[in-house]
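Please read the structure below before turning to the comments.
The values are calculated or read from the model by the stated rules, or taken from the named source; none is laboratory data. Remember, it's a predicted structure, so these values are computed and weren't measured experimentally. When we count neighbours, we look across all protein chains shown, and the Cβ atoms used for this are built from the backbone with ideal geometry, even at glycine. The area values use the complete protein model at the heavy-atom level, side chains included, leaving out ligands, DNA and RNA. Shrake-Rupley method; radii C 1.70, N 1.55, O 1.52, S 1.80 Å.
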Amino acid sequence: MRAAATLVVLSTLALAACGDGGIRSTTLPASTAGPSPTAAPSPTPAHVAPSPTVPQAAVLPVRVTVGDDERVIDLLVPTLPPGKKAPLLILLHAAGESVFAMERETNAAALAERAGAIVALPPARGRGWNVMVAASDPITPSTDIAYVAGLIDRLTDEYPVDPRRVFVAGFSMGAVASGRIACEFADRVTAVALNAGAPWSNECDPVRPVPILVMHGTADRTFDISLADALVARWRELDGCRGAPVVSTLSDIATSEVNADCTAGTSVQYVRYLGSGHRWLQDPNATDVMWSFFAGIPARP
């Protein structure tokens with residue numbers, strides 16, 4: 001059964017954006033949660049304040065309940081022509097970081113307006129996302145992952161979202177959560193992007209190939225670059241990529257490796273930032289790299 005959610009709009013702006021005066025109420029089943037992992041050390045965020053001259057999407061605080069799990073998300077709704085379906089982007093923050101901080105450092109409001117995408121930023125239940133297990137541990141259900149899956153379902157039902165273009169991206173533990181969503185809910189996401197993340201389990205077994213972008217700094221002291229190397233190697237295997245990647249230079253410090261010859265037209269891109277630490281990566285800005293990757297992915301069948 002698809003996890004779903006109840007949305008209650010908290011601002012008058014949200015009511016206007018919905019068009020029908022509000023959002024329908026739906027009662028949804030709860031999910032069981034596994035034990036909370038030890039959160040990764042909190043990164044030092046590199047906040048990037050958006051320019052006041054850049055068009056910004058409206059930020060709508062929305063209350064979402066999945067089962068008995070209630071959270072307030074930030075929903076960024078761009079200006080859309082009547083009848084137009086928009087991509088949906090879910091952004092997942094780092095451990096110890098707020099939704100607001102993630103919103104600022106990714107410049108999400110400007111991205112939403114520029115790309116014509118609906119962007120949602122949900123908070124983790126605790127300090128960090130309930131996602132990681134050791135390679136030898138059994139995989140237990142995660143309330144956080146069930147929550148994000150339910151959020152995707154409800155936003156797709158209640159907003160002008162194109163269900164064939166649903167993207168998930170995250171930073172640090174949010175990136176780990178994004179990877180787990182790709183593993184467990186490949187039928188609901190079109191592609192994912194991981195900024196400074198790590199593999200969540202050796203048991204990843206998606207029901208279909210998933211395009212994935214991995215961005216990582218070689219000086220990351222929270223998740224060593226070797227974890228990113230392993231993550232990329234695993235997804236090249238999962239996606240059935242053939243041949244050597246095409247290597248290109250994005251900046252003085254960033255190198256891109258793209259495997260485009262993968263099963264079902266999927267692709268794997270790996271961007272390494274020489275000398276960069278654990279942060280939302282810059283030069284080029286990870287937001288721009290992320291959306292360029294997503295924009296080039298065909299809509300999911």
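What does the accessible area per residue of segment 125-232 come to in Å², with a 1.4 Å probe and no ligands, DNA or RNA counted? Don't jump to the answer; show the numbers that get you there.
Working: 3260 Å² over 108 residues.
I get 30 Å² per residue for segment 125-232.
Sort Glu113, Glu70 by heavy-atom solvent-accessible area, probe 1.4 angstrom, most to least.
Listed by decreasing accessible area, they come as Glu70, Glu113.
Take peptides 197-206, 211-220, 265-274 and line them up by average Cβ neighbours within 10 Å, highest first, as a rough protection proxy.
Numbers: 197-206: 19.6, 211-220: 24.0, 265-274: 21.5.
Result, highest mean Cβ count within 10 Å first: 211-220, 265-274, 197-206.
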Can you compute the radius of gyration and Dmax for segment 86-227, using only the Cα atoms, both in Å? 14.4, 44
Quick check on packing: order 229-236, 174-181 by the mean number of other C-beta atoms within 10 Å, highest mean leading. 174-181, 229-236
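Expressed as a rounded percentage, what relative contact order does segment 224-301 have, with Cα pairs under 8 Å and six or more residues apart?
Working: 83 pairs, mean separation 17.4, N = 78.
The normalised contact order for segment 224-301 reaches 22 percent.
If I compute solvent accessible area with a 1.4 Å probe over the protein chains, what percent of it on segment 143-301 is carbon and sulfur? Walk me through the intermediate numbers first.
Working: 2810 of 5540 Å².
Carbon and sulfur atoms account for 51 percent of the accessible area of segment 143-301.
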